[in-house]
Amino acid sequence: MYDIDNVRKDFPILTREVYGKPLVYLDNGATTQKPLCVLDAMRDEYLNVNANVHRGVHYLSQQATDLHEASRETVRKFINAPKVEEIIFTRGTTESLNLVASSFCDRFMKEGDEVIVSVMEHHSNIVPWQLQAAKKGIALRVIPMTDEGDLIVDEFEKLINDRTRIVSVTQVSNVLGTVNPVKEIIRIAHEHNVPVMVDGAQSTPHMKVDVQELDCDFFAFSGHKVYGPTGVGVLYGKEKWLDMMPPYQGGGEMIESVSFEKTVFEKLPFKFEAGTPDYVATHGLAKALDYVSALGLDNIAAHEQYLTRYAMEQLQTIPGMRIFGTSSHKDAVVSFLVGDIHHLDMGTLLDRLGIAVRTGHHCAEPLMTRLGIAGTVRASFALYNTVEEVDSLVAGVRRVSRMF
Ligand code: PLP
């Protein structure tokens with residue numbers, strides 16, 4: 001394990017007070033705080049290196065390019081992708097999902113074809129497919145779940161048919177915390193020669209991801225949820241698919257040559273990276289991944305699992321407590337409601353006690369419909385959270401509950 005007191009020193013924001021109370025930051029599913037090494041690296045790059053990448057022959061441009069491309073290699077290693085060309089920098093999970101939905105559908109889908117998603121997807125893994133559905137007349141099929149929040153794999157098997165072109169599922173639910181059996185889903189899909197896209201926004205910060213072991217065809221995650229900067233994310237795709245897919249956007253960086261008659265696109269990964277990339281953010285992301293790797297994802301997972309179990313046990317002692325997502329495969333997220341207290345009231349009053357949680361539908365409205373509720377209160381844990389912070393949450397929820 002790691003020394004939590006030392007780790008917290010890497011995140012100065014955690015020593016802040018809000019409304020005169022020590023901050024208890026439990027909104028990590030939305031975004032995580034950044035360690036000093038990430039902030040220092042980015043500041044240092046702006047102070048000492050800054051120049052646009054790829055296009056310059058001069059010293060600074062080459063140095064910035066080296067940092068940017070070294071970051072791509074760090075990402076490759078982090079998710080164990082076979083080739084660095086298969087790592088595409090995007091603005092985040094949302095853009096990665098839009099890229100695949102758009103380019104994959106352009107190349108491989110026609111009217112009547114189907115894409116399978118699950119009932120617990122974030123809007124980012126629903127709406128991009130719906131945009132394509134509206135343009136091309138393709139249909140969405142939805143994997144259902146049990147009341148505990150486990151996907152029903154048998155039902156998934158029944159949904160696959162000869163019109164299925166792609167499956168796109170989240171590895172971890174941002175509301176329920178369920179860790180989905182994506183490896184099994186991928187195996188089944190591959191038996192039908194159907195590729196699988198995995199939304200790793202909520203898994204990458206909490207567990208070791210190995211895209212070769214999963215054998216997924218595409219994998220997306222966001223830098224800001226894994227202690228990196230905002231505005232940068234990753235799409236991994238198997239070369240065989242990416243090679244066949246058309247570019248998502250046009251512009252500089254993604255071309256080999258341009259004339260008014262004909263444009264030749266760059267090779268991978270640049271074909272999918274139009275415009276100046278956020279090269280300072282990619283450097284920051286690499287530092288964040290190094291930071292997480294140095295602590296050890298197994299250690300982080302063990303710590304967060306402990307916090308999650310402890311929070312579930314303690315919250316359940318509060319009268320009227322309803323926890324959503326009670327799968328035995330569960331990650332660092334606890335969603336709940338107490339009696340008929342509105343989630344917004346609970347969140348607002350917890351905030352006054354210094355406790356930052358998220359409230360609402362968490363960009364998963366179809367899941368809310370499945371659960372028959374409008375929203376939840378969500379506490380989500382990170383590598384720097386403590387047992388004392390869980391105690392503060394539980395005491396806060398108890399106090400607010402008594403007020404109603
Ligand atoms: N997918 C899941 C499961 C998420 O939880 C989120 C963000 O909360 C996203 C996708 C979208 O991530 P971003 O807004 O960083 O693109």
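The values are calculated or read from the model by the stated rules, or taken from the named source; none is laboratory data. Model, not experiment: these values are computed from the prediction. Cβ sites come from the backbone with ideal geometry, for glycine too, and all protein chains shown count toward neighbours.
Would you check if Ile138 is in contact (Cβ under 8 Å) with a residue 24 or more places away in the chain, of a type in the set (Val, Ile, Thr) and more than 16 Å from the ligand (Cβ to nearest atom)?
yes
Just to be sure I understand, how many residues within the range 231-265 are over 21 Å from Ala281 (Cβ atoms), acidic (Asp, Glu) and either modelled with pLDDT of 95 or more or part of a loop (DSSP other than H, G, I, E, B) (or both)?
The total comes to 3.
Would a scan of the range 61-77 turn up a residue that is within 16 Å of the ligand (Cβ to nearest atom) and farther than 30 Å from Val397 by Cα? Before you say what the answer is, go through the steps one by one.
First, the residues of the range 61-77 that are within 16 Å of the ligand (Cβ to nearest atom): 75.
Keeping just the survivors that are farther than 30 Å from Val397 by Cα gives 75.
Looking through the range 61-77, at least one residue is within 16 Å of the ligand (Cβ to nearest atom) and farther than 30 Å from Val397 by Cα.
Do we find that Val127 is without any contact (Cβ under 8 Å) to a residue 24 or more places away in the chain, within 16 Å of the ligand (Cβ to nearest atom) and closer than 24 Å to Tyr236 by Cβ in this structure? Reasoning before the result, please.
Values: without any contact (Cβ under 8 Å) to a residue 24 or more places away in the chain: yes; within 16 Å of the ligand (Cβ to nearest atom): yes; closer than 24 Å to Tyr236 by Cβ: yes.
Answer is yes for this residue.
Residue pairs, Cβ under 6 Å, 6 or more apart or interchain, first in the range 1-23 and among the acidic types (Asp, Glu), second at pLDDT 95 or above and surrounded by 15 or more Cβ atoms within 10 Å (Cβ to Cβ). List them.
Asp10/Pro35
Being among the hydrophobic types (A, V, I, L, M, F, W, C), touching a strand residue (DSSP E or B) at 6+ places or on another chain (Cβ under 9 Å) and assigned to a loop (DSSP other than H, G, I, E, B) is the filter here; which residues of the range 342-373 pass it?
Leu353, Val357, Ile373
Of the residues Tyr248, Tyr236, Tyr227, which is within 16 Å of the ligand (Cβ to nearest atom), touching a residue at least 24 places away in the same chain (Cβ under 8 Å) and farther than 27 Å from Ala382 by Cα? Step through it out loud before you land on a result.
Values: Tyr236 fails: farther than 27 Å from Ala382 by Cα; Tyr227 fails: farther than 27 Å from Ala382 by Cα.
Selected residue: Tyr248, the only one of Tyr248, Tyr236, Tyr227 that is within 16 Å of the ligand (Cβ to nearest atom), touching a residue at least 24 places away in the same chain (Cβ under 8 Å) and farther than 27 Å from Ala382 by Cα.
Mind checking which residues of the range 154-172 are assigned to a helix (DSSP H, G or I) and out of contact with any Pro (no Cβ under 6 Å at 6 or more places or on another chain)?
Taking the range 154-172 as the starting set, the residues that turn out to be assigned to a helix (DSSP H, G or I) are 154-159.
Result: Asp154, Phe156, Glu157, Lys158, Leu159.
Taking the options Val211, Val179, Val194, Val172, name whichever one is farther than 20 Å from Thr326 by Cβ, within 22 Å of the chain's Cα centre (by Cα) and of a type outside the set (Asp, Glu).
On the way: Val179 fails: farther than 20 Å from Thr326 by Cβ; Val194 fails: within 22 Å of the chain's Cα centre (by Cα); Val172 fails: farther than 20 Å from Thr326 by Cβ.
None of the others qualify; the one that does is Val211.
Applying the selection to the range 144-184, what residues are buried (at least 17 other Cβ atoms within 10 Å of the Cβ) and within 18 Å of Lys208 (Cα to Cα)?
Val169, Thr170, Gln171, Val172, Ser173, Asn174, Gly177, Thr178, Val179, Asn180, Pro181, Val182
Give the residues of the range 196-214 that are within 16 Å of the ligand (Cβ to nearest atom) and in contact with a strand residue (DSSP E or B) (Cβ under 6 Å, 6 or more places away or on another chain), sorted by residue number.
Residues satisfying the conditions are Val196, Met197, Val198, Asp199, Gly200, Ala201, Gln202, Ser203, Thr204.
Among (1) buried (at least 20 other Cβ atoms within 10 Å of the Cβ); (2) at negative phi, which single condition is Tyr227 missing?
All conditions are met except number (2).
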